[in-house]
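Only the coordinates and a few stated rules stand behind these numbers; no lab work does. Please read all numbers here as calculations on a predicted model, not as lab measurements. Using ideal geometry, Cβ is built from the backbone for each residue, glycine included, and neighbour counts are taken over all protein chains shown.
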């Protein structure tokens, strides 16, 4: 990426590593960083050579939230056109909308917007030693980046309320207790674990299968069981009639890595609309 506040690289199996790169500011979110993150996510979604994504932070933090260099103007939107142009989304392209597995390697402190951005990811690996919190109510505002949706679906209403309405900061152990973390590890193990998971997925899981399953998972809370069954059936019809549904079982029996031929951009299905209950 041309913007140095975001580093972007892709390895030999198609794992993209996105690094928030303002270590002197604990990767606090500037406008340039958020624009760069949106551009990186867009590339990951559109590039069929990218099969999984890891997002992490440079230095000792994942992301310290909004840049509070000028504290009194932290939430001033006058320079960006005022309230008519305001969005609380944070990043214009949320991680849950990317049609690839997105793993947050939360290598250090994640506060405010840094934490709500991490909660948009599919899997979250946290550093045991760091501090975490959605602290916006203690800054005179409220949780952002879809957090009133992501937090409830990920940890439930009671735990979401404990995190978001108190504005407390939590230790790694507390985050694990609250069910926020997929794993909690020593800080030096977070990124290697995230990359290993992403690489294993990139090699062994079919890209189109991941993509359609992820989209259905994230929308499922708004559907009834019957509507999910309908969508699963329609999506199975699309996938089962294609080569990857043969290659997967054959590769498993032959004890070799599969050679997936379907691509998300080229083979994406017409998304089924579930009938009303």
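Quick rundown of the values:
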{"read-out": "Equivalent ellipsoid, segment 138-235 (semi-axes from 5 times Cα gyration tensor eigenvalues, Å)", "value": "28, 23, 11"}
{"read-out": "Theoretical FRET efficiency, 1/(1+(r/R0)^6), r = Cβ-Cβ of residue 165 and residue 203, R0 45 Å, to 0.05", "value": "0.60"}
{"read-out": "Rg in Å to one decimal, and Dmax rounded to a whole Å, for segment 206-267 via C-alpha atoms", "value": "13.2, 40"}
{"read-out": "The chain: radius of gyration over Cα atoms, expressed as a fraction of 2.2 N^0.38 Å", "value": "1.04"}
{"read-out": "Förster radius 41 Å - calculated FRET efficiency between residue 42 and residue 177 (Cβ-Cβ, nearest 0.05)", "value": "0.70"}
{"read-out": "Protection proxy ranking of 56-63, 221-228, 146-153 - average other beta-carbon atoms within 10 Å, highest first", "value": "56-63, 146-153, 221-228"}
{"read-out": "Highest to lowest packing among 93-101, 244-252, 114-122, scored as the average C-beta count within 10 Å", "value": "114-122, 93-101, 244-252"}
{"read-out": "Virtual spin-label span in nm between residue 196 and residue 138, 7 Å along Cα→Cβ", "value": "3.4 nm"}
{"read-out": "Sorted by Cβ neighbour density within 10 Å, fewest at the top, the residues 260, 218", "value": "218, 260"}
{"read-out": "Per-peptide average of other Cβ atoms within 10 Å, ordering 17-23, 40-46 highest first", "value": "17-23, 40-46"}
{"read-out": "Spin-label model distance (nm) - residue 9 vs residue 152, 7 Å beyond Cα toward Cβ", "value": "4.1 nm"}
{"read-out": "Segment residue 216-residue 268, extension gain: residue separation times 0.36 nm, minus the distance between their alpha carbons", "value": "17.4 nm"}
{"read-out": "Residue-span extension gain [residue 253 to residue 230] - 0.36 nm each, minus C-alpha spacing", "value": "5.3 nm"}
{"read-out": "Mean separation of Cα contacts under 8 Å, 6 or more apart, over the residue count of segment 210-272: relative contact order %", "value": "33 percent"}
